[in-house]
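Take a look at the structure below.
The values are calculated or read from the model by the stated rules, or taken from the named source; none is laboratory data. These figures come from a predicted structure and were not determined experimentally. Virtual Cβ from ideal backbone geometry, glycine too; neighbours counted across all protein chains shown.
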Amino acid sequence: MKQVQRGFTLIELVMVIVILGVLAAVAIPKFVDLKGDAQQAAMQGVAGAAASASAINYGGCSITTHASDANKCNVVAKCDDIKQALSGGAWPTGYSVAPATTVANGATQTCTLTLAGYTASPAVTFEVIGAGN
């Protein structure tokens with residue numbers, strides 16, 4: 001009389017465990033390093049917002065003939081000044097920009113955004129347009 005097989009053999013179970021172990025060893029490092037990717041993406045988002053705010057602010061200053069107007073134009077003489085044009089009027093917590101050199105009205109300057117405790121590679125930069133000064 002023939003016996004019907006029930007369940008899996010020990011070799012089949014061991015092979016499944018080995019395959020799952022190999023997949024876990026390959027996949028876990030991918031998910032562990034997500035913090036760095038998230039910080040880099042957040043920095044790029046803040047830099048994009050600052051560049052956009054700078055362009056909109058310069059446009060508002062051009063309309064008001066380069067005169068400072070609280071509703072349309074903020075004075076931007078250096079990289080850090082563009083924070084006034086951002087929602088909330090300040091950089092998000094932990095962010096700062098450099099350099100602190102003066103930029104002329106209508107001229108552009110490349111600014112480097114930094115996040116305290118994180119060194120981005122490559123550096124996150126944006127351009128600010130001098131306005132209202």
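Observations on the model:
- Some residue of region 100-112 being modelled with pLDDT of 85 or more, in contact with a His (Cβ under 8 Å, 6 or more places away or on another chain) and either surrounded by 13 or more Cβ atoms within 10 Å (Cβ to Cβ) or not in a loop (DSSP other than H, G, I, E, B) (or both): yes
- Residue in region 76-98 that is among the β-branched types (Val, Ile, Thr), over 14 Å from the mean Cα position of the chain (by Cα) and assigned to a loop (DSSP other than H, G, I, E, B) present: no
- Residue in region 58-71 that is modelled with pLDDT of 85 or more and of a type in the set (S, T, N, Q) present: no
- Annotation note: Cβ proximity below 6 Å between a residue of region 87-105 that is without any contact (Cβ under 8 Å) to a residue 24 or more places away in the chain and hydrophobic (A, V, I, L, M, F, W, C) and a residue that is assigned to a loop (DSSP other than H, G, I, E, B) and surrounded by 12 or more Cβ atoms within 10 Å (Cβ to Cβ) (sequence gap 6+ or interchain) occurs for Ala100/Lys78.
- Filtered by the rule that a residue be in a loop (DSSP other than H, G, I, E, B) and among the aliphatic types (A, V, I, L, M), region 1-17 gives Met1, Val4.
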